[in-house]
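> One structure, pasted below without further comment.
The values are calculated or read from the model by the stated rules, or taken from the named source; none is laboratory data. Just so you know, these numbers come straight off a predicted model, no measurement behind them. Every residue, glycine among them, receives a Cβ derived from its backbone with ideal geometry; neighbour counts consider all protein chains shown. What goes into the accessible areas is simple: the full protein's heavy atoms, side chains included, and nothing from ligands, DNA or RNA. Shrake-Rupley method; radii C 1.70, N 1.55, O 1.52, S 1.80 Å.
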Amino acid sequence: MLLTCKNLKCQYGEKILIDNITFNIRKTDKIGLIGVNGTGKSTLLGILAGVREPDSGDIEHIGNVRISYMPQNFNINEDLTTMEYISEVVKGSETALYEAKAILTKLEVFDFDKKINELSGGTKRKIVMSAALAKPCDLLILDEPTTGLHTDDIKKLLVILNRIVDNGDTVIVIEHNLD
């Protein structure tokens, strides 16, 4: 077991998004959240990632759970180069930097020394996602990672995610593309 969530509640204004849910997340789980916009999927992932607090309820981390999180909407310092940004995210881990370069290369991103503000939106998403994928973690949380990606890139991402689970880690993804 990685996480136990008990009686989580969260609302946005008057709208109740999460109403008294309880669940467990185990090692090597592959979890996909689907649903229409505005139903609390991103809110729940933010709570699990620790970037948002529930209005009530408890989350118990079993042991020292390392979490890597890619939000749906991200703000990054676009004056950094690709590798400067990734180095910040993975906290300079040489192994993670190597892994991030390998993931970027698989996703056909080769502009490691280019400033992020010079890159397309899809390439920026690949960079943020590659940093999240390469960061050492037990629980990987991705909020709509395939937005703006081509079909071939989505297939490559699925191979990477399956490898992460095969290596004993857990993945949670919000996705609208049911494939």
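> Whether any residue in region 2-10 is touching a residue at least 12 places away in the same chain (Cβ under 8 Å), within 23 Å of Ile127 (Cβ to Cβ) and basic (Lys, Arg) is what I want to check.
no
> If you check Gly92, Gly57, which single one turns out to be on the phi > 0 side of the Ramachandran plot, surrounded by fewer than 13 Cβ atoms within 10 Å (Cβ to Cβ) and small (Gly, Ala, Ser)?
Exactly one of Gly92, Gly57 is on the phi > 0 side of the Ramachandran plot, surrounded by fewer than 13 Cβ atoms within 10 Å (Cβ to Cβ) and small (Gly, Ala, Ser), namely Gly92.
> Just to be sure before I move on: is Lys155 under 18 Å from the mean Cα position of the chain (by Cα) and open to solvent by 10 Å² or more (accessible area, probe 1.4 Å) in the structure I sent?
When the stated conditions are applied, Lys155 passes them.
> Taking the residues in region 21-54 that are hydrophobic (A, V, I, L, M, F, W, C), open to solvent by 50 Å² or more (accessible area, probe 1.4 Å) and farther than 12 Å from Leu3 by Cβ as candidates, determine which candidate is modelled with the lowest pLDDT.
Val36
> Checking the conditions here, which among Ile67, Ile76 is touching a residue at least 60 places away in the same chain (Cβ under 8 Å) and among the β-branched types (Val, Ile, Thr)?
Ile67
> Would you check which residues across region 96-127 are touching a residue at least 40 places away in the same chain (Cβ under 8 Å), open to solvent by 10 Å² or more (accessible area, probe 1.4 Å) and under 18 Å from Ile164 (Cα atoms) and list them?
Listed by number, the list holds a single entry, Lys106.
> What are the residue pairs meeting all of these: first residue in region 158-179, first residue under 12 Å from Leu142 (Cα atoms), second residue assigned to a helix (DSSP H, G or I) and open to solvent by 30 Å² or more (accessible area, probe 1.4 Å), Cβ atoms under 8 Å, and 6 or more apart or on different chains?
Ile174/Ser42
> Here's another thing I want to ask about it. Can you tell me how many residues within region 63-86 are in contact with a Lys or Arg (Cβ under 7 Å, 6 or more places away or on another chain), among the polar types (S, T, N, Q) and farther than 10 Å from Ala49 by Cα?
2
> Can I ask one more? Please go through region 11-31 and pick out each residue that is within 21 Å of Glu175 (Cβ to Cβ) and free of Cβ contacts under 8 Å to residues at least 60 places away in the same chain.
Leu17, Ile18, Ile21, Phe23
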